[in-house]
Amino acid sequence: MGRIVKVLSLVLVSLVLVFGTGIEADAKKKKKKVVLTAEETAMFDKWEVKPKKRAKAVKDMRKKPKFVGAIKCNGSCHDPYYQAWQNSPHGGTYKLLKPGERKEAKLRVKLDPEKDYTTTPLCLRCHTTGYRQKGGFKPAGSKSKKGKDTATKIDPTEPNKEQVGCEMCHSVAGGSQFRAVMKSSKGNFTKAETEHYGQRWDYANVCTRCHTHKNTPFKPEVHDKYKFNYEERKLKVHKIADYWSEDNADQKLEKKDERAKQVGQTEKTPLLIEDFKINDKGKLKFKKGTKPYNSKKKTYNYKK
Ligand code: HEC
Ligand code: HEC
Ligand code: HEC
């Protein structure tokens, strides 16, 4: 009898050791309960967000920014923008890296027109979304430390991170945080509010992440067509006029005109443009101090 009790209690003790008591798990759950700061509460009050919805939104806003892809902007918020972008030059930048595409242009800058550049780090930086950054595009052959395939899946009918997506122009380090702001406020946000969470409004500046950047092979010196006039070019970025329909009429941006009168901090003091190079190991490295967002200090870096 005594032996059985001993054995049983031994089993019980080891079970507890292995699986915990459950009491602990409950305590952990309680600990995880999200407590909003006064600022966060004021923000949600202003947008009239239901209490139930606040915890989830604030979790996204507090996490480090990451790239989410153009598809996340489509579907119920910016469908006409997505469709227009899909048919715009930036919605097809990945294809240009394939053999046989734009032979003449490649030959002119001494690139090999028969080479496959779809895994070449230098090219990926300017032809895809968020390459070498959190949540960003990963080329074929990418593997996790454990050897799992982590390459970005590509669906030719739905362009996403493999192209120059929305986030390459509209975000500092990915749109995950300000997407939560836009959704929570149902579009009723100020420039300052989304800027705080990583949106950028320095449009003319942001183009120079790629156009006329010192690392692009397609410089104005090579051909006149690479000269960059922002006012002319911006008209071709997403020509939404043709994409409004009955189905998406509710996505018209009601606050757009009001926002146009505001001047964002990024418009007053544009953000830094990244400098980068390919290191000895063939990896793309950003030059220290040139990133527009400092993820350690959680601060934005403006041009001096
Ligand atoms: C610093 C950014 C940057 C890098 C790096 C870069 N590109 Fe581009 N690429 C651009 C921009 C910007 C354009 C559009 C230029 C324009 O039309 O004014 C472009 C255009 C192109 C075009 C079309 C040119 C034409 O006239 O039709 C091809 C092809 C191309 N890139 C291939 C590549 C390949 C291959 C690599 C890597 C070896 C590469 N690019 C690296 C920014 C870049
Ligand atoms: C190549 C850069 C670029 C890309 C890519 C891009 N945009 Fe834009 N977007 C702009 C510029 C520039 C403007 C401002 C145009 C103007 O001033 O008339 C703008 C304006 C907008 C606006 C209006 C903002 C406001 O409140 O005034 C929305 C919404 C928008 N873009 C959504 C998107 C979405 C969604 C995508 C992806 C499907 C996208 N954009 C891709 C550059 C870009
Ligand atoms: C992440 C890199 C990147 C950024 C940022 C970027 N572009 Fe581009 N852009 C490209 C590439 C690559 C192409 C080449 C597409 C092609 O030739 O098919 C291109 C092509 C274009 C074209 C088409 C040129 C033509 O006539 O065929 C326009 C217009 C344009 N960009 C405008 C802009 C504007 C305006 C901005 C800033 C608001 C901007 N781009 C920001 C990479 C970029």
Legend entry - Enumeration of residues in the stretch 262-295 that are basic (Lys, Arg) and either in contact (Cβ under 8 Å) with a residue 12 or more places away in the chain or within 29 Å of residue 120 (Cβ to Cβ) (or both): 277, 281, 283, 285, 287, 288, 291
Inset, instruction - Could you give me the residue pairs with C-beta distances under 7 Å whose first residue belongs to the stretch 38-62 and is of a type in the set (A, V, I, L, M, F, W, C), whose second residue is modelled with pLDDT under 95 wherever it lies, and which are 6+ apart or on separate chains? - result: 47/188; 55/34; 58/34
Legend entry - Hey, residue 122 near ligand 1 (Cβ under 9 Å from one of its atoms), farther than 30 Å from residue 251 by Cα and either under 20 Å from the mean Cα position of the chain (by Cα) or touching a residue at least 60 places away in the same chain (Cβ under 8 Å) (or both) or not: yes
Inset, instruction - Output the residues belonging to the stretch 80-109 that are more than 21 Å from the chain's Cα centre (by Cα) and in contact (Cβ under 8 Å) with a residue 40 or more places away in the chain. - result: 105, 108, 109
Inset, instruction - Working only within the stretch 257-304, note down all residues that are in contact with a Leu (Cβ under 6 Å, 6 or more places away or on another chain) and polar (S, T, N, Q). - result: 290, 301
Inset, instruction - State whether one or more residues within the stretch 54-64 are within 20 Å of the chain's Cα centre (by Cα) and in a loop (DSSP other than H, G, I, E, B). - result: yes
Inset, instruction - Give the residue, chosen from 236, 255, that is more than 19 Å from residue 130 (Cβ to Cβ) and either among the β-branched types (Val, Ile, Thr) or surrounded by 13 or more Cβ atoms within 10 Å (Cβ to Cβ) (or both). - result: 255
Legend entry - Boolean, residue 287 is over 23 Å from residue 61 (Cβ atoms), within 16 Å of ligand 1 (Cβ to nearest atom), surrounded by fewer than 14 Cβ atoms within 10 Å (Cβ to Cβ) and within 21 Å of the chain's Cα centre (by Cα): yes
Legend entry - Residue ID - surrounded by the fewest Cβ atoms within 10 Å (Cβ to Cβ), chosen from residues in the stretch 138-182 that are among the polar types (S, T, N, Q) and in contact (Cβ under 8 Å) with a residue 12 or more places away in the chain: 150
Legend entry - helices (runs of 4 or more DSSP H) contained entirely in the stretch 194-304, each with at least 2 residues that are modelled with pLDDT under 95 and away from ligand 2 (no atom under 15 Å from the Cβ): none
Inset, instruction - Tell me, please, whether a residue that is within 13 Å of ligand 3 (Cβ to nearest atom), among the hydrophobic types (A, V, I, L, M, F, W, C) and out of contact with any Lys or Arg (no Cβ under 8 Å at 6 or more places or on another chain) can be found in the stretch 154-161. - result: no
Inset, instruction - Go through the residues of the stretch 199-206 one by one and say whether even a single one is within 11 Å of ligand 1 (Cβ to nearest atom), of a type outside the set (Phe, Trp, Tyr) and in contact (Cβ under 8 Å) with a residue 40 or more places away in the chain. - result: no
Legend entry - Residue, farthest from ligand 2 (Cβ to nearest atom), within the stretch 143-172, restricted to residues that are of a type in the set (Ser, Thr, Tyr) and within 26 Å of residue 209 (Cβ to Cβ): 150
Inset, instruction - Tell me which residues, restricted to the stretch 82-92, are within 17 Å of residue 234 (Cβ to Cβ) and surrounded by fewer than 21 Cβ atoms within 10 Å (Cβ to Cβ). - result: 84, 87, 88, 89, 91
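The values are calculated or read from the model by the stated rules, or taken from the named source; none is laboratory data. Computed from a predicted model, the values in this text were never measured in an experiment. Heads up, the Cβs are rebuilt from the backbone with ideal geometry, glycines too, and the neighbour counts pull from every protein chain shown.
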